[in-house]
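The structure appears below as structure tokens.
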Amino acid sequence: MKLPEYKGNPPRLAIELNPTDSRGNPTKKRGLMMFNAGELEEYREMIGEEGLDGLMETIMEVNPKKGKKKRSEEEKEDVIEI
């Protein structure tokens, strides 16, 4: 991705990682931006963290499924301790 000059930074190139749908369209408004090899390596290390899979499973269990929204009186608050 080519970025224009911004607040004193010269024009530059960057990598943007953004998941796509079955048609190849981006699914997020903004992706993950990387400007150098050091940032790429840091993201690789973070994504490889052991606890990340378990944390994502917990988040998926807690988040509501896509579909009809609940009315406020039907909702209840849960606290997750990590």
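Values quoted throughout were computed directly from the atomic coordinates according to the rules given, and no laboratory measurement underlies them. Note that this is a predicted model, so its numbers are computed, not measured. For neighbour counting, all protein chains shown are included, and Cβ atoms are generated from backbone atoms with ideal geometry for every residue, glycine included.
What to note about this one:
Table: residues versus (1) loosely packed, with under 11 Cβ neighbours inside 10 Å; (2) of a type outside the set (D, E, K, R); (3) without any contact (Cβ under 8 Å) to a residue 24 or more places away in the chain; (4) outside any helix (DSSP H, G or I).
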site	(1), (2), (3), (4)
Glu16	no, no, yes, yes
Ser22	yes, yes, yes, yes
Lys29	yes, no, yes, yes
Glu39	no, no, yes, no
Glu42	no, no, yes, no
Glu49	yes, no, yes, yes
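- Scanning the stretch 1-14 for residues being under 24 Å from Met46 (Cα atoms) and surrounded by 10 or more Cβ atoms within 10 Å (Cβ to Cβ) gives a total of 2.
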